[in-house]
1. Would it be correct to say that L109 is touching a Pro at 6+ places or on another chain (Cβ under 9 Å) and either within 23 Å of A27 (Cβ to Cβ) or away from the ligand (no atom under 16 Å from the Cβ) (or both)?
2. Condition first: more than 16 Å from the ligand (Cβ to nearest atom) and more than 20 Å from the chain's Cα centre (by Cα). Now tell me which residues in segment 206-231 satisfy that.
3. Within the group F90, F163, which residue is under 25 Å from D293 (Cβ atoms), within 20 Å of the chain's Cα centre (by Cα) and either surrounded by 14 or more Cβ atoms within 10 Å (Cβ to Cβ) or among the β-branched types (V, I, T) (or both)?
4. Counting just the residues of segment 38-63 that are of a type in the set (D, E, K, R), farther than 22 Å from L259 by Cα and touching a strand residue (DSSP E or B) at 6+ places or on another chain (Cβ under 9 Å), which one comes out farthest from the ligand (Cβ to nearest atom)?
5. I need the full set of residues from segment 82-93 which are away from the ligand (no atom under 12 Å from the Cβ) and at pLDDT 90 or above, in order please.
6. Across segment 88-120, what is the total count of residues that are farther than 26 Å from G171 by Cβ and of a type in the set (A, V, I, L, M, F, W, C)?
7. Kindly evaluate V114 against the criterion of being without any contact (Cβ under 8 Å) to a residue 40 or more places away in the chain and within 17 Å of the chain's Cα centre (by Cα).
8. Please find, within segment 112-133, the residue that is farthest from the ligand (Cβ to nearest atom) out of those that are of a type in the set (A, V, I, L, M, F, W, C) and over 25 Å from T262 (Cα atoms).
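The values are calculated or read from the model by the stated rules, or taken from the named source; none is laboratory data. Quick caveat: nothing in here was measured; it's all calculated off a predicted structure. A quick note on method: Cβ atoms are made from the backbone with ideal geometry, for glycine too, and the neighbour counts reach across all protein chains shown.
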Amino acid sequence: PKQITWFEIELYQWQGSWYWPPHLEAALAGQTFFEARDDDIIIASSLKAGTTWLKSLVPCIINLPVDEDNDPLIKNNPHEVVSTLEIGVFQGKQNISILPSPRIFHTHLPYNSVPDAIKNSNCKIVYIARNPKDVFVSLWHFMNIFRTQEQGPFSMDKAFESFCNGVHSFGPNLDHVLEYWNKSLVLPQKILFLKYEELKLNPKEQVLKLASFLGKSLSNNELDNILWRSSFERLKNLDVNKSGNSSGFSIPNSSFFRLGTTGDWKNYFTPEMQERLDEIVRLKCEGSGLTLDI
Ligand code: A3P
């Protein structure tokens, strides 16, 4: 089908992926609108994979040294610090030509639908992937923000069925992840592929890898500072994220900081759900060298 209902939202298919109409309009506009600079940094992710984390980490790495009073994360939700291309930028709602280099943007677009200007320039792409079981749980919670108390949460069974069929905004998730993974293997200078779980497990090593990909070397103090500044615990408890509403989203900033852990799926999945999604992931990833269940 070219059109389908997901969490009571109409999604449309374009180039093999599912879009909410405003995102699709923007994605189409962006194909010709966006002029990339060679030193642009593009964060890329599927939904709920750790976008907010990278939107915090990358600016911290790029804008060193930051004195405490000028830390943009204190006054702004990470989604305001780094704009998503499909949310306004592609439609010319921000004057991005005046932004100083290096500009940092984000996209949820699958690689094949990223504008040629990005693919053909020397700009760098940092991708983040996450265990699909945790992505699903995080997404289900996120979508429930749009439900009233009387309505109660969405049916997890129906949401799971959709997820397994690849039907969700910017889905199928596994196609998204695998395409960036495969591209990162052939274009290692252009695309860095990170995993949420590895960032959690070995934050220092992973942030050094990210910084080096972006051409920055960090002292121990800088590394510690970046890790603290972009940490879930710190960001969740900042006033702006406890009470604000970020521009471009009609949702509270707090909804981007739910639990921030790995393995929360164990609190929700039945053995049947686990078996089904594991098998889908196994079949999809077979032969790719990618493991997502870590
Ligand atoms: P949970 O719902 O499992 O808590 P995205 O930013 O792509 O929408 O992903 C959201 C997920 O990243 C949420 O996962 C959220 O809690 C988590 N997250 C947000 N900021 C984070 C941070 N600084 N460190 C670690 N996880 C973070």
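1. Here the answer is yes, as L109 does meet what is asked.
2. Within segment 206-231, S212, G215, K216, S217, L218, S219, N220, N221, E222 meet the criteria.
3. When all the criteria are applied, what remains is F163.
4. D39
5. Hits for segment 82-93 are S83, L85, E86, I87, V89, F90.
6. Of the residues in that region, 3 qualify.
7. Taking the combined requirement at face value, the residue does not satisfy it.
8. Result: A117.
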